[in-house]
Amino acid sequence: MTGTALRGVWVAIIAVLALAGGCGLDGPATVGPSTSAGVGPASAPTTASAPTTPGENLVPAGHGLALSILPVGSSEQAITVDGRIRMYRAYRPARLARTAPLVVMFHGGLGSARQAESAYGWDTLADREGFVVLYPDGIGAAWNVGGGCCGLAPAQGVNDVAFVRAAIDNLRTRVSLDPGRTYAAGMSAGGMMAFRMACDTTLFAAIGPVAATQLGDCPNPAPTSVMQVHGTADPTVPFEGSGTSASGSGSAPGSGLEPGLEPEPGIGPGIAQIVGPAIPTLHATWRGIGRCGGDVISSTHGVTTQTAECPESRTVKLVIIEGGGADWPGVGRSGPLDASPSATAAPTATVAVPTVGPTVSPDAVAAYNTTARLWEFFKAHER
């Protein structure tokens, strides 16, 4: 075959591949076609601004090494894990670092991937900072976090750890991701899933559980950077916990549940209260896992931060919101049980002013931007 003919063949192959990429073809684990931008809350992706971190080197979609078959904006993917069809959503900004960081955001109990994408502001931040967001969907709006908690997923023995691994692997076939800059955040039960992933895997350079505890066994976790955010008046996941160790399953054996609160009207029977170790005890546990130094404590406007520096540039941090409830601070509460916010939730938090301790300004606590603070923490840590 002549050189001219060979060049013609290669041009034809490249053209076919380009068309396939535009159609959002799935990787090998996918069982159905992806649904591209326009599904869900972020139907019109925002053009990213210039990177705020020197050296990020964002490039427009379709240029250079950032070329991928993950469409810009929101998309929904289906994969098969342990014989189950599992779903996840992904958000890809218009401009992306050539090898992009990844944030996995776990929804709370009774939430969903779509709700988490609309509620917490990760997509807007991804536009500005140039990272990809993965929103996994739990079975029955629940996660199998360990200790028998909570809902359909543990009842059916769902392996959510395997699902998250598979979802990340599948996403990596679609877009160039940096395995050393993979992070997990989660609200309440979703935060418990972030702890579960840190217990059972070494996928994440840092995790950010919010209004969450840790349940079930965690026998040999790898040192990991942790930023935990929790309110002292959380009725669903009590700040004072049950007094058990972080490796325990809560005060109700095997379940992590305690019948102390009634579900909100209209929800029906369900989770009353999730009780694990005291939140400061859990912080101390991960500080010990990381072989960290002592806490440096600071407090302002009702927000107390305990920060421990650890070997290999890791950090374990606890952010305590005085009087804060089952909230994602900066978004507020509008949903049931785990207080998963709705897409229309006003940016306010339900904050009680304590009778002792520092004076708390509800406006100041509501202004604590959890999503932005978590990202600042994440991008300071690599595995």
- Would you mind giving the average projected area, over all directions, of the Cα convex hull of the stretch 107-196 in nm² with one decimal? 5.8 nm²
- From a point 7 Å beyond the Cα of Q156 in the direction of its Cβ, which residues of the stretch 78-99 have a backbone N at a distance under 19 Å? 78-89
- Message: In the stretch 102-131, whose amide N lies under 19 Å from the spot 7 Å out along Cα-to-Cβ of T201? List them in ranges.
- Response: 102-109, 112-114, 116-117, 131
- Task: With a Förster radius of 30 Å, plug the Cβ-Cβ distance of D82 and N369 into 1/(1 + (r/R0)^6) and report the FRET value to the nearest 0.05.
- Result: 0.20
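So how do 297-306, 92-101, 135-144, 368-377 stack up, highest first, on mean other-Cβ count within 10 Å?
Numbers: 297-306: 15.6, 92-101: 22.3, 135-144: 24.5, 368-377: 19.7.
Going from most to least packed, we get 135-144, 92-101, 368-377, 297-306.
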- Among 164-175, 314-325, the order from most to least packed when residues are scored by Cβ within 10 Å on average: 314-325, 164-175
- Task: Assuming R0 = 22 Å, can you tell me the calculated FRET efficiency for the pair R98 and T124, based on Cβ-Cβ distance, to the nearest 0.05?
- Result: 0.50
- Put a dot 7 Å past each Cα toward the Cβ at D169 and E240; how far apart are the dots in nm? 4.6 nm
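Values quoted throughout were computed directly from the atomic coordinates according to the rules given, and no laboratory measurement underlies them. Predicted, not measured: the structure shown is a model, and the values here were computed from it. Neighbour counts run over all protein chains shown; Cβ positions are idealised from the backbone, glycine included.
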